[in-house]
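Remarks on the structure that follows.
The values are calculated or read from the model by the stated rules, or taken from the named source; none is laboratory data. Since this is a predicted model, take the numbers as computed values, not measurements. Note: ideal-geometry Cβ built from the backbone for every residue, glycine included; neighbour counts use all protein chains shown.
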Amino acid sequence: MDLMEIKDPSFLKGLSNKELEALSQDIRQFLIENLSGTGGHIGPNLGVVELTIALHKCFDSPKDKIIWDVGHQSYVHKVLTGRANQFDTLRQYKGLCGFPKMIESEHDVWETGHSSTSLSAAMGMAIARDLKKENSYVIPVIGDGALTGGMALEALNHIGHEKKNMIVILNDNEMSIAPNVGALHNVLGRLRTAGKYQWVKDELEVLLKKIPAVGGKLASTAERLKDSLKYLFVSGMFFEEMGFTYLGPVDGHNYEDLFENLSYAKKTEGPVLLHVITKKGKGYQPAESDTTGTWHGTGPYKIDTGDFVKPVHTPPAWSKLVSETVRRLAREDERIVAITPAMPVGSKLEGFASEFPERMYDVGIAEQHAATMAAGLATQNMKPFLAIYSTFLQRAYDQVVHDICRQNLNVFIGIDRAGLVGADGETHQGVFDIAFLRHVPNLVLMMPKDENEGQNMVYTAVKYDDGPIAMRFPRGNGIGVPMDEKLRSIPIGTWEVLKPGRDAAILTFGTTIPMAMEAANILEKQGYSIKVINARFIKPMDKKMLIELFNEDIPILTIEEAVLQGGFGSGVLEFAHENSYHHIEIDRMGIPDQFIEHGSVDELLKEIGMTAGAVVDRINILARKKQKRA
């Protein structure tokens, strides 16, 4: 079938199971070929081909609301809703988004890049449907990993209490990004081996109805018998106790099973949970045999071998540099414990886990728990290292404020993927952490200029005993600088002058230092002498150096790959105001008040006016302002 000709899912209604199986193979081949060039979330999507087709055949999108949790498994949905011809632009600048996007299609009814949101969104849609007296189905699709998230459990509790009509699809592939952890995962494991529970339950009810109802005593005895047999056939009946009708487990790659159970679910009053077993990466051997999460999301790869297309002889990845430095220090300090919320692969903690399994904790998709657990460890004089992406740290904000910083506990937070991350787009850009952390008392916040300073900052953080400390670092690789053999502490709150100058100063840190240096060199050719400062401590700032700068009475430009509102530049303005330096010309460059979509980091920076050329222009404007003032 020519997938490029698909306009909407209505064509599925007339296809036989045999034709659907052929379509499944076409879509798998299409995904394997296209993602080999663009990269993307291949494993999750290969696993939901039949499930997605079955949902669109059985329901009428967009009248019926199909809600994808996390959203990275929506590629098949995008193909079936007429977007196959855009897949060569997937996750590229101005191209097809890697997650559901309302402006792309009316069939994308919910946008998400963080897990465990679908059930709460579905409850809202179901309430709205009933208040408006509409007749439609609401079908959230949530993975077994996302189901362990606290928000999902809160929603399950509410849905079961309210008894709203809803069909929850539990897509159980036994993995989220890495293999799942937790007691609920074990419940699902027991359910997988329990067989077709609903068939047994229905047959039992038919049998019991044949027993003459002689008085209430016999009827109640029969009901107790039914309940006891329910627990005999399925251990733990978690979902039934939560108020759901549980169906399954169902083979998520068998159309006959899927259609039979979806039909049953549509006829059932109240909330239904259909437990579907799928194979992540199905149909492509390298992805199907993956047990570590490597094929969850990838860059380009070679189809025939599964080898990833990567540059040769690149500097170390930032995540690995940080985790391996923590591992090195853990050999000398038995108090160090590593914690990650379901990201051991992304945070490159495999080495730490293999060497110190008893000191490595993957808590699953539970960022709030991870943060407070780290706080609990710190109260007992341990040294917890919380490895967490900037975008996911947002989910643990209250715990950072209330449990870590308020109690001034020695927790080291490694803020991975800080700054623009590129292809994953607006749901994953790590640009808010400075603004939501800078105003929290007791917290030290820093960012290194290169990997050597990075390893020394890790050492600084581990040796720091005066409260919480966080180090942000970008996605991708270092720049290839020589590395110190002996690690050293960096004095807290100190900056360094990278380039002296007398006409203006640029204050920046991390990934934007090369931009500042390039601009300074251009300006030097124009006759300006520009000072470039590595403002590596965002909090506390180097107040001594700031006062020296203000006393020099030269224009200042701050640059940060983070939001401007409440960011580092705001801190410089605040300090100038508090110390009555009202005459100093200060300008700020950073992420404007908007969500930044997907594309390469360079393309995104250019779009928002963060380039060396823009820095040159800003400095020239500042210089002219000072001349007018003089």
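Could you list, in sequence order, all residues of region 3-28 that are in contact with a helix residue (DSSP H, G or I) (Cβ under 9 Å, 6 or more places away or on another chain) and in a loop (DSSP other than H, G, I, E, B)?
6, 7, 8, 15
How many of the residues making up region 256-278 are crowded, with 22+ Cβ neighbours inside 10 Å and among the polar types (S, T, N, Q)?
So the count comes out to 2.
Pick from 580, 600: which is outside the structural domain of residue 39 (by TED's automatic domain parsing), out of contact with any helix residue (DSSP H, G or I) (no Cβ under 6 Å at 6 or more places or on another chain) and farther than 30 Å from residue 104 by Cβ? Let's see the steps before the verdict.
On the way: 600 fails: farther than 30 Å from residue 104 by Cβ.
From the options 580, 600, the qualifying one is 580.
Regarding residue 48, is this residue β-branched (Val, Ile, Thr) and modelled with pLDDT of 95 or more? I'd like the intermediate steps shown before the answer.
Values: β-branched (Val, Ile, Thr): yes; modelled with pLDDT of 95 or more: yes.
Considered against the rule, which asks whether it is β-branched (Val, Ile, Thr) and modelled with pLDDT of 95 or more, residue 48 comes out as yes.
Being surrounded by fewer than 24 Cβ atoms within 10 Å (Cβ to Cβ), in contact with a helix residue (DSSP H, G or I) (Cβ under 6 Å, 6 or more places away or on another chain) and of a type outside the set (S, T, N, Q) is the filter here; which residues of region 119-143 pass it?
123
State the number of residues belonging to region 439-491 that are surrounded by fewer than 17 Cβ atoms within 10 Å (Cβ to Cβ), more than 17 Å from residue 319 (Cβ to Cβ) and not assigned by TED's automatic domain parsing to the domain that holds residue 419.
Summing the residues that are surrounded by fewer than 17 Cβ atoms within 10 Å (Cβ to Cβ), more than 17 Å from residue 319 (Cβ to Cβ) and not assigned by TED's automatic domain parsing to the domain that holds residue 419 in region 439-491 gives 8.
Can you tell me which of 621, 584 is farther than 15 Å from residue 519 by Cβ, over 36 Å from the mean Cα position of the chain (by Cα) and without any contact (Cβ under 8 Å) to a residue 40 or more places away in the chain? Don't jump to the end; show me each part of the working.
Details: 621 fails: farther than 15 Å from residue 519 by Cβ.
It is 584.
Taking the condition at pLDDT below 95, over 16 Å from residue 102 (Cβ atoms) and not hydrophobic (A, V, I, L, M, F, W, C), does residue 56 pass? Steps first, please.
Details: at pLDDT below 95: no; over 16 Å from residue 102 (Cβ atoms): yes; not hydrophobic (A, V, I, L, M, F, W, C): yes.
No.
Quick one: would you say residue 349 is outside the structural domain of residue 146 (by TED's automatic domain parsing), crowded, with 24+ Cβ neighbours inside 10 Å and in contact (Cβ under 8 Å) with a residue 12 or more places away in the chain? Lay out the reasoning, then the answer.
Numbers: outside the structural domain of residue 146 (by TED's automatic domain parsing): yes; crowded, with 24+ Cβ neighbours inside 10 Å: yes; in contact (Cβ under 8 Å) with a residue 12 or more places away in the chain: yes.
Spelling it out, residue 349 is indeed outside the structural domain of residue 146 (by TED's automatic domain parsing), crowded, with 24+ Cβ neighbours inside 10 Å and in contact (Cβ under 8 Å) with a residue 12 or more places away in the chain.
Is there any pair with a first residue in region 280-309 that is under 25 Å from residue 421 (Cα atoms) and without any contact (Cβ under 8 Å) to a residue 60 or more places away in the chain and a second that is of a type outside the set (Gly, Ala, Ser) and part of a loop (DSSP other than H, G, I, E, B) whose Cβ atoms are under 9 Å apart and which are 6 or more apart or on different chains, and what are they?
294/345; 306/284; 306/295; 308/294; 308/300; 308/302; 309/300; 309/302
Would you point out the residue of region 141-174, among those that are of a type in the set (Asp, Glu) and in a loop (DSSP other than H, G, I, E, B), that is modelled with the lowest pLDDT?
Step by step, filter region 141-174, then rank; the result is 174.
Restricting to region 419-470, and then to whatever is in a helix (DSSP H, G or I) and among the small types (Gly, Ala, Ser), can you tell me which residue is nearest to residue 566 (Cα to Cα)?
Here the residue is 435.
Quick check on region 100-120. Is at least one of its residues of a type in the set (A, V, I, L, M, F, W, C) and under 30 Å from residue 606 (Cβ atoms)? Steps first, please.
Going through region 100-120, the residues of a type in the set (A, V, I, L, M, F, W, C) turn out to be 102-103, 109-110, 119.
Right, trim to under 30 Å from residue 606 (Cβ atoms) and you get 102-103.
Yes, region 100-120 contains at least one residue that is of a type in the set (A, V, I, L, M, F, W, C) and under 30 Å from residue 606 (Cβ atoms).
Can you pull out every residue in region 378-422 that is hydroxyl-bearing (Ser, Thr, Tyr) and buried (at least 22 other Cβ atoms within 10 Å of the Cβ)?
389, 390, 391
Could you count how many residues in region 54-94 are crowded, with 24+ Cβ neighbours inside 10 Å, out of contact with any Ser or Thr (no Cβ under 6 Å at 6 or more places or on another chain) and either β-branched (Val, Ile, Thr) or not assigned by TED's automatic domain parsing to the domain that holds residue 112 (or both)?
2
What residue, of 574, 548, 561, is of a type in the set (Asp, Glu), buried (at least 18 other Cβ atoms within 10 Å of the Cβ) and in the same structural domain as residue 528 (by TED's automatic domain parsing)? Steps first, answer last, please.
On the way: 574 fails: buried (at least 18 other Cβ atoms within 10 Å of the Cβ); 548 fails: buried (at least 18 other Cβ atoms within 10 Å of the Cβ).
After ruling out the rest, the residue left standing is 561.
Among the listed residues 538, 554, 506, 513, identify the single one that is surrounded by 19 or more Cβ atoms within 10 Å (Cβ to Cβ), in contact with a Phe, Trp or Tyr (Cβ under 9 Å, 6 or more places away or on another chain) and hydrophobic (A, V, I, L, M, F, W, C). Give the steps one after another, and end with the answer.
Details: 554 fails: in contact with a Phe, Trp or Tyr (Cβ under 9 Å, 6 or more places away or on another chain); 506 fails: in contact with a Phe, Trp or Tyr (Cβ under 9 Å, 6 or more places away or on another chain); 513 fails: in contact with a Phe, Trp or Tyr (Cβ under 9 Å, 6 or more places away or on another chain).
Of 538, 554, 506, 513, the one residue that is surrounded by 19 or more Cβ atoms within 10 Å (Cβ to Cβ), in contact with a Phe, Trp or Tyr (Cβ under 9 Å, 6 or more places away or on another chain) and hydrophobic (A, V, I, L, M, F, W, C) is 538.
For region 403-425, does any single residue satisfy the condition of being under 29 Å from residue 602 (Cα atoms) and basic (Lys, Arg)?
Within region 403-425, the subset under 29 Å from residue 602 (Cα atoms) is 413-425.
Still in the list and also basic (Lys, Arg): 417.
Within region 403-425 (the criterion being under 29 Å from residue 602 (Cα atoms) and basic (Lys, Arg)), the answer is yes, since at least one residue qualifies.
Please work out if residue 324 is at pLDDT 95 or above and farther than 19 Å from residue 455 by Cα.
Values: at pLDDT 95 or above: yes; farther than 19 Å from residue 455 by Cα: no.
It is false that residue 324 is at pLDDT 95 or above and farther than 19 Å from residue 455 by Cα.
Specify which of the listed residues (159, 103) is of a type in the set (Val, Ile, Thr), assigned by TED's automatic domain parsing to the domain that holds residue 75 and more than 17 Å from residue 272 (Cα to Cα).
It is 103.
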